[in-house]
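Structure, as structure tokens:
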Amino acid sequence: MNTGLELQDVSLSVGSRQLLSLSCTIAPGEVMTVMGASGTGKSTLLAFIAGFLGDAFTAEGKISLEGKALNQVPAEQRRIGLLFQDALLFPHLSVADNLKFGLVRTAGESRKDREDRVEQALEAISLGGFGERDPASLSGGQQSRISLMRLLLSEPQAILLDEPFSNLDMQLRGEIRALTFDSIRAANIPALLVTHDLADAQAAGGKILAL
Amino acid sequence: MLTSVGTEWRYPALVPSVWSTQQWTSALSEWRAPLFNATMIALLSVTAALALSLFMLEAQARSSVSTARIATFLYLPLLVPQVVFISGIAVLAERALLPPSLTLVAAGHFLFVLPYVYLTLQGGYARFDTRWLMLARTLGASNTVCFWRIRLPLLSTQLVTAVMLGLAISLSLYLPTQILGAGRIPTLTTEAIALVSSGNRSTIGTWALLQSALPTLCFMLALVLPRLIWSRRKGML
């Protein structure tokens, strides 16, 4: 039923210079890696898929998710989640409000139910009771876990990872990487990882595409 | 400060020899209307300037449409000599059969406040990390939701600065108030300047202090407010 994320004859260029062209299918639960030096258009590819391509770029080709074409769908309706290098927890919101920001509403759910769901999510990443905390007061690892949980609570149907582990120290890196990939497999959704680190690509365990 | 409470203050004395609070009590009875006018004009002009600046910057941020060209016109009131510019506006207002009023003065102030408000906010928009918005959009927030729940809160410090700077400028404007109000809309600034020619030092002292108190308060609030609002969010400071 879920056919994953499909890129058909995608070609991105700036002016007359072509950045990349590719066709691929990412199966649900798979993490495909795109590797390449900076300037090869990795981030542009993610921007194109997520729906944020700048006017300076021209793009061709078709993006489809679960068989539905996405090219004309606005970013907020694509249900494609993003994870950046930094945790980027909204600094003006509490930890719980950060998680609630993208929380998908289910019919007939009360405010209390939503709060319970947020608390359960925090417990799942061993941060129970952290809801009222200021994100700035948390460690880097804790922020990364909350960032990942915020993404998962928005119930994306595909995830784009933009070098999400490169700002973490070695010890944390393995932990957060495992947690991220396990969550993607558990949610059974396709993911596209952009990185320049071969260890990340190998840990992802999916196809590797070098640009 | 001292001149406002001294009635007799001869040369060698360090402090006035005769003290009186009479200047203050009489000023207090006369300052209500000027204070009200000044505050209303400042609030009206700054609100309008804030709305227009945000509208222009947000439009520019969301599309490739550049409002930068229009923005250069905003600086016109700062480049052209005030007397000429304001007289022109006054003539236009008269042609349009707009009688001198508080609203007309506020409209004039708006033109002078706008460039400062716009510049302050433009800095905030230019430095804004667009990843916040991308993140919010992928979490399901529309452009409008992003504006209210992400853009404005994250720009709160610049917003407070812009508003306070705008208020302080409007409160200190003299010529636009005097010319567009045809002298019939007294504010703290016009009264203070009118009294300078009175030669009564303690009166001048009292009004000079009143006139500068509000702008000073604005600048203090610009510094203190963000710290108060975000005392529990260290990432915002």
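Just so you know, all these numbers are worked out from the coordinates, no wet-lab data involved. What you see is a predicted model, and the numbers here were worked out from it, not measured in a lab. All Cβ positions, glycine included, derive from the backbone under ideal geometry; neighbour counts span all protein chains shown.
Calculate, in nm to one decimal, what B:Ser231 and B:Ala51 gain on full extension: separation in residues at 0.36 nm each, minus their alpha carbon distance.
Once the chain is fully extended between B:Ser231 and B:Ala51, it gains 62.1 nm.
Which whole number of Å³ per residue matches the convex hull of the alpha-carbon atoms in chain B?
It comes to 171 Å³ per residue, whole-number rounded.
Amide H of A:Leu160 versus every other amide H placed in the peptide plane: which residues, excluding those fewer than 5 positions away on the same chain, fall under 5 Å?
A:Gly81, A:Leu82, A:Leu83, A:Leu192
So for the pair A:Ala136, B:Leu79, with labels modelled 7 Å out along Cα→Cβ, what separation do we get in nm?
Roughly 3.9 nm, to one decimal.
I want the antiparallel fraction of DSSP beta bridges within the protein assembly as shown, as a percent rounded to 5.
Roughly 55 percent of the DSSP beta bridges within the protein assembly as shown come out antiparallel.
When the dipole is taken about the Cα centre of chain A, and only Lys, Arg (+1) and Asp, Glu (-1) are charged at their Cβ, what size is it in debye, to the nearest 20?
280 debye
Just checking the output field for B:52-63: average partner chain Cβ neighbours within 10 Å of each residue's Cβ?
Counting other chains' Cβ atoms within 10 Å and averaging over B:52-63 gives 0.
Let me check the size of the stretch A:65-153 from its C-alpha atoms; what are the radius of gyration and Dmax in Å?
Using the Cα atoms of the stretch A:65-153, the pair Rg, Dmax is 14.3, 42 Å.
What's the magnitude of the charge dipole for the protein assembly as shown around its Cα centre, counting Lys and Arg as +1 and Asp and Glu as -1 at the beta-carbon? Answer in Debye, nearest 20.
With Lys and Arg at +1 and Asp and Glu at -1, about 680 debye.
List the aspartates and glutamates whose Cα lies under 17 Å from the Cα of A:Lys112, skipping any in the same chain that are fewer than 8 positions away.
A:Asp97, A:Glu123, A:Glu132
For chain A, take the longest principal axis of its alpha carbons; what is the angle in degrees between that and the long axis of helix A:140-153, to the nearest 10 within 0 to 90?
Taking Cα atoms only, the helix is inclined about 80 degrees.
Using a 10 angstrom cutoff on alpha carbons, build the Gaussian network for chain B and name the most mobile of B:Glu58, B:Glu94, B:Glu191.
Result: B:Glu94 has the largest fluctuation of those listed.
Tell me the label-point distance for the pair A:Ser126, A:Glu60, using the 7 Å Cα-to-Cβ offset, in nm and rounded to one decimal.
Result: 5.1 nm between the two label points.
Need one value for B:126-135: mean number of C-beta atoms belonging to other chains within 10 Å of its residues' C-beta atoms.
Other-chain Cβ atoms within 10 Å of each residue's Cβ, averaged: 4.
Mind grabbing the base-10 log of I(q)/I(0) for the stretch B:99-149 at q = 0.14, 0.22 Å⁻¹? Debye formula, identical points on the C-alpha positions, no solvent, two decimal places.
-0.58, -0.81
Under 10 Å, Cα contacts only: if you run a Gaussian network model on chain B, which one of B:Ala90, B:Ala222, B:Ala33 comes out with the highest mean-square fluctuation?
Largest GNM mean-square fluctuation: B:Ala33.
In percent, how large is the relative contact order of chain B, given Cα pairs closer than 8 Å and 6 or more residues apart?
Normalised by residue count, the contact order of chain B is 29 percent.
Three principal axis extents, largest first, for the C-alpha atoms of the stretch B:83-198, in Å?
Computed over the stretch B:83-198, the largest-to-smallest principal extents equal 62, 33, 20 Å.
Two decimals, Cα atoms only, Kirkwood Rh: what is Rg/Rh over the protein assembly as shown?
Radius of gyration relative to Kirkwood radius: 1.13.
For chain B, with the dipole built from +1 on Lys and Arg beta-carbon atoms and -1 on Asp and Glu ones, taken about the Cα centre, which of B:Ser45, B:Phe110, B:Leu121 lies farthest toward the positive end?
Farthest towards the positive pole: B:Leu121.
In debye, nearest 20: dipole of the stretch B:130-237 around its Cα centre with unit charges on the Cβ of K, R (+) and D, E (-)?
Here the size comes out at about 680 debye.
Over all residues in B:139-146, what is the mean tally of Cβ atoms on other chains that come within 10 Å of each residue's Cβ?
Counting Cβ atoms of other protein chains within 10 Å of each residue's Cβ and averaging gives 5.
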